[in-house]
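The values are calculated or read from the model by the stated rules, or taken from the named source; none is laboratory data. Model, not experiment: these values are computed from the prediction. Note that each Cβ is placed from the backbone with ideal geometry, even for glycine, and that neighbours are counted across all protein chains shown. Each accessible area value is taken on the protein alone, full model and side chains, heavy atoms only, with ligands, DNA and RNA left out. Shrake-Rupley method; radii C 1.70, N 1.55, O 1.52, S 1.80 Å.
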Amino acid sequence: MKKYGNGKSSAKIIWFGEHSVVYEQPAIALPLSAVSVSAQISFNENNEPSRIYSRYYDGLWRQLPRELAGIKQMVIKILSRFDKADQAFTLTIESEIPSERGMGSSAATAVAIARATFNLFDKNISRNQLLQYVDIEEQITHGNPSGLDAATASSKWPIWYVKGAENMQLDMNLAGAFLVIADSGIKGKTSEAVANVSDQMTTDYDKTNSIIMKMGQIASAVPPLLLNNDIDELGNLMNANHNCLRQLHVSNQQLDKLQRVAVLAGAKGAKLTGSGLGGCLIALSDSAQNASLVAKQLEKHGATKTWIQPLGQF
Ligand code: PMV
């Protein structure tokens, strides 16, 4: 066993196919190494009680707030596996991932903690094992998670995701491309947005279903473009996907404004990401210089924070 166990993970964004993924259409999601979370765990000496230090809560493990109940169950499960459920520990979490912005903060945190705990015992954890442990946390935190967040936070590559099917890691060869992620400053509203679309499916099935199908076609056209470095067409598809999401009424004025600002600043395309009604916008640039210009313009027009993810390094 080691003195300290360390684990890392990162935020995720949905690149294509949010909402349509709920209706069995494919989605493509991406881990963002530029926005990371790290965890460190060690066993206590001198009978010190278990503690956690984090942005969400600093204090005794036994007084952990209810929002962290998922993390608690997952850690207990992992420690039990190593017959150490009664051993007191100190867990430190450092996260750059904002909460409730559709960036998969809870799943990424759980991935980092599970990795750190296995690392403490000097054991490797397979991706499948990792997903099983993280699912314990996600089931408690989110009720009925699609699994997309955990699949992406535990991957080094973009993910092709179809609900109920095994996810696939996608190859990508995007030299010189950069993704700008901008926080609109407004919390995303996942359950409200999903319920909204579901209502439209009931009241106007034909129109709503044709938008969902169109988003499925858009996502299906993406994998060869990732391989062929076709940044222009990827940008066009991002704009088209944003339009579909607008037609589903899950965008809002701020996201639409930021989308236009990004395209006017020279981004090849831009769209909201995640549930919508708030959360983040993503924009595709074909150079580092353009990406920083787009990020500056987005901040000037109200984005509260921006990140730049190089896509060439996948
Ligand atoms: O904003 P997020 O990351 O919670 O994404 C929600 C994505 C949806 O497709 C709208 C819902 C889902 O369960 O996939």
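Ranking Trp157, Trp307, Trp15 by solvent-accessible area of protein heavy atoms (1.4 Å probe, all protein chains present), from largest to smallest, gives Trp157, Trp307, Trp15.
Sequence neighbours fewer than 8 away in the same chain don't count; with that in mind, list the aspartates and glutamates whose C-alpha is under 19 Å from Lys77. Within the straight-line cut-off, Lys77 pairs with Glu67, Asp86, Asp122, Asp135, Glu137, Glu138. The share of Cα pairs per 5 Å bin across segment 60-125, counted from zero up to the longest distance, runs 3, 14, 27, 27, 17, 9, 3, 0 percent.
How many percent of the alpha carbon pairs in segment 217-286 exceed a separation of 13 Å?
Numbers: 1466 of 2415 pairs.
When every Cα pair of segment 217-286 is considered, 61 percent fall beyond 13 Å.
Among the protein heavy atoms, those of Thr90 account for about 30 Å² of accessible surface (1.4 Å probe, every chain in place). Sorted from greatest to least, the principal axis extents spanned by the alpha carbons of segment 156-195 come out as 35, 31, 13 Å. Estimated at the nearest 10 Å², the accessible area of Val134 is 0 Å² with a 1.4 Å probe.
Hey, what does the equivalent ellipsoid look like for segment 161-314, semi-axes from the Cα gyration tensor as sqrt of 5 times each eigenvalue, largest first, whole Å? Could the numbers behind the result be given before it?
Values: eigenvalues 126, 83, 33 Å².
Here the semi-axes work out to 25, 20, 13 Å.
Can you find, among His142, Met215, Leu130, the residue sitting farthest towards the positive end of the charge dipole of segment 113-225, where Lys and Arg contribute +1 and Asp and Glu -1 at Cβ? The residue sitting most towards the positive pole is Leu130.
Taking 27 Å as the cut-off for C-alpha to C-alpha distance, list the pairs among Lys84/Lys163; Lys2/Lys305; Lys187/Lys271; Lys207/Lys305 that go past it. Exceeds cut-off: Lys84/Lys163; Lys2/Lys305; Lys207/Lys305. Farthest towards the positive end of the charge dipole of the chain, among the residues Gly7, Gly70, Val21, is the Cα of Gly7, using unit charges on the Cβ of Lys, Arg, Asp and Glu. How big, in percent, is the set of alpha carbon pairs in segment 79-181 lying more than 21 Å apart? Every Cα pair in segment 79-181 considered, those over 21 Å come to 42 percent. Orientation-averaged projection of the chain equals 15.7 nm² [convex hull of Cα atoms, one quarter of hull surface area].
Semi-axes of segment 147-249's equivalent ellipsoid from the Cα gyration tensor, sqrt of 5 times each eigenvalue, largest first, rounded to whole Å? Don't skip to the end; give the middle numbers.
Numbers: eigenvalues 129, 57, 50 Å².
Three semi-axes, in Å: 25, 17, 16.
Note on Lys123: aspartates and glutamates with a C-alpha under 19 Å away, same-chain residues under 8 apart excluded, are Asp83.
Compute the acute angle (0 to 90°) between the alpha-carbon long axis of helix 231-247 and the principal axis of greatest extent of the alpha-carbon atoms of the chain; round to the nearest 10°. Roughly 90 degrees, rounded to the nearest 10.
Report relative contact order for the chain in percent, whole number only (criteria: Cα-Cα under 8 Å, sequence separation at least 6). Write down the numbers at each step before the final one.
On the way: 710 pairs, mean separation 72.2, N = 314.
That works out to 23 percent.
Charge dipole (Cα centre; +1 on Lys/Arg Cβ, -1 on Asp/Glu Cβ; no other charges) of the chain amounts to roughly 500 debye.
Cross-link partners of Lys156 among aspartates and glutamates, defined as those whose alpha carbon lies under 14 angstrom from its own and excluding same-chain residues fewer than eight positions apart: Asp171. Counting only alpha carbon atoms, the long axis of helix 105-120 and the longest principal axis of the chain meet at about 40°.
The Cα trace of segment 50-91 gives Rg and Dmax of 10.1, 29 Å, the first to one decimal, the second as a whole number.
Multiplying the sequence separation of Asn46 and Asn228 by 0.36 nm and subtracting their Cα-Cα distance, what value in nm do you get? Can you show the working numbers first?
Details: separation 182, 0.36 × 182 = 65.52 nm, distance 5.80 nm.
Taking Asn46 through Asn228 to full extension adds about 59.7 nm, to one decimal.
Divide the volume of the convex hull around the Cα atoms of segment 12-97 by the residue count and you get 136 Å³ per residue. The Leu264 and Thr202 beta-carbon pair, evaluated with R₀ = 35 Å, returns a calculated FRET efficiency of approximately 0.40.
Based on the Cβ-Cβ distance from Gln132 to Gln217, what FRET efficiency comes out when R0 is 45 Å, to the nearest 0.05?
On the way: r = 33 Å, r/R0 = 0.73.
Calculated value: 0.85.
Amide H to amide H, with H built 1.01 Å from N, Cys280 comes under 5 Å of Ser184, Thr273, counting only residues 5 or more places away or on other chains.
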